[in-house]
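All of the numbers you see were taken from the coordinates with simple rules; none came from a lab. Every value quoted in this text rests on a predicted model; they were computed, and no experiment measured them. Backbone-built Cβ (ideal geometry, glycine too); neighbour counts: all protein chains shown.
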Amino acid sequence: MHISGQGALPITVIETGDLVTYRFVIPGLPPSKNVYDSLPIAWRGSMKHKWITAVIREVEAQDMPRHVAKIGLNALLVFPDLRKRDPQNYVPSLWNWVPDALQKCGVIDDDRAGMIDFGRDLGIRFAVDDRKRVSKEARKRTHIAITMRVRS
């Protein structure tokens, strides 16, 4: 996927039958495994805290249901340049921090195996925002989609 000349997507909620998908954007990108492993421990904790806080803020803003039995997670990571990247390098941070935040604010009761389904390619896709008039840092963002069954 390629994004050019497009700003961040607005917050949206999409209903399809008894499934609802909540979408939001977090400025910046989760660190790759290589970057994360090289960070001082204090920085790791700070980075995780910032991500958890950002996800909780979005959950509360959209008034997402609580105590959902199972969810699906997908993410679109938008980079300022086109380079080869591996989805699995972003799993340790992204798919640790987002479920932790969802558990902390009560969307899910637990993030154990079987509670979360991830989309194809570990639920991670990449895109490029190649706008030249916007700083590289401002072009980095993470779109997150959380799908859940709201009616039985």
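Evaluated over the chain, the count of Lys pairs having alpha-carbon atoms less than 28 Å apart is 25 (only pairs 8 or more residues apart or interchain).
Within the listed set Tyr90, Tyr36, Tyr22, the residue fluctuating most in the Gaussian network model of the chain (springs between alpha-carbon atoms under 10 angstrom) is Tyr36. Helix 91-104 and the longest principal axis of the C-alpha atoms of the chain enclose an angle of approximately 40°.
Subtracting the Cα-Cα distance of Gln103 and Ser135 from their residue separation scaled by 0.36 nm leaves 8.1 nm.
With both bridge residues required to lie in the chain, what share of the DSSP beta bridges run antiparallel, to the nearest 5%?
Working: 22 of 31 bridges.
Antiparallel bridges: around 70 percent, rounded to the nearest 5.
What order do you get for Thr142, Thr21, Thr16 when you list them from fewest to most C-beta neighbours inside 10 Å?
Details: Thr142 22, Thr21 15, Thr16 8.
Going from least to most buried by this count: Thr16, Thr21, Thr142.
Residues Trp95, Trp43, Trp51 in ascending order of nearby Cβ atoms (within 10 Å, fewest first): Trp43, Trp95, Trp51. Computed extension gain for Ala42 through Asp81, at 0.36 nm per residue and net of the alpha carbon distance, reaches 11.2 nm. Near Lys48: Cβ cut-off under 13 Å, other residues only, Lys/Arg at +1 and Asp/Glu at -1. The net charge is +2.
Between Ala113, Ala69, Ala138, the residue with the greatest mean-square fluctuation in the GNM of the chain (Cα pairs under 10 Å linked by springs) is Ala113.
Distance between the C-alpha centres of the stretch 104-152 and the stretch 21-42: 11 Å, rounded to the whole angstrom.
Can you give me the angle between helix 41-61 and the longest principal axis of the chain, using Cα atoms only, in degrees from 0 to 90, rounded to the nearest 10? Its long axis makes an angle of about 50 degrees.
Of the trypsin sites (Lys or Arg not before Pro) found in the stretch 26-82, those that fall in a DSSP loop while having at most 14 other beta-carbon atoms within 10 Å are Arg66, Lys70.
Using Cα pairs under 8 angstrom and six or more residues apart, how large is the relative contact order of the chain, in percent? The partial results should precede the final answer.
Working: 253 pairs, mean separation 66.5, N = 152.
Averaging sequence separation for qualifying contacts and normalising by length gives 44 percent for the chain.
Under the rule of at least 5 residues apart or a separate chain, name every residue whose amide H is placed under 5 Å from the amide H of Asp109. Result for Asp109 returns Val68. Taking one equal scatterer on every alpha-carbon of the chain, how large is log10 of I(q)/I(0) by Debye at q = 0.11, 0.13 1/Å? So the normalised log intensities work out to -0.42, -0.60. As a proxy for reagent exposure, ranking Lys104, Lys132 by other Cβ atoms within 10 Å from fewest up yields Lys132, Lys104.
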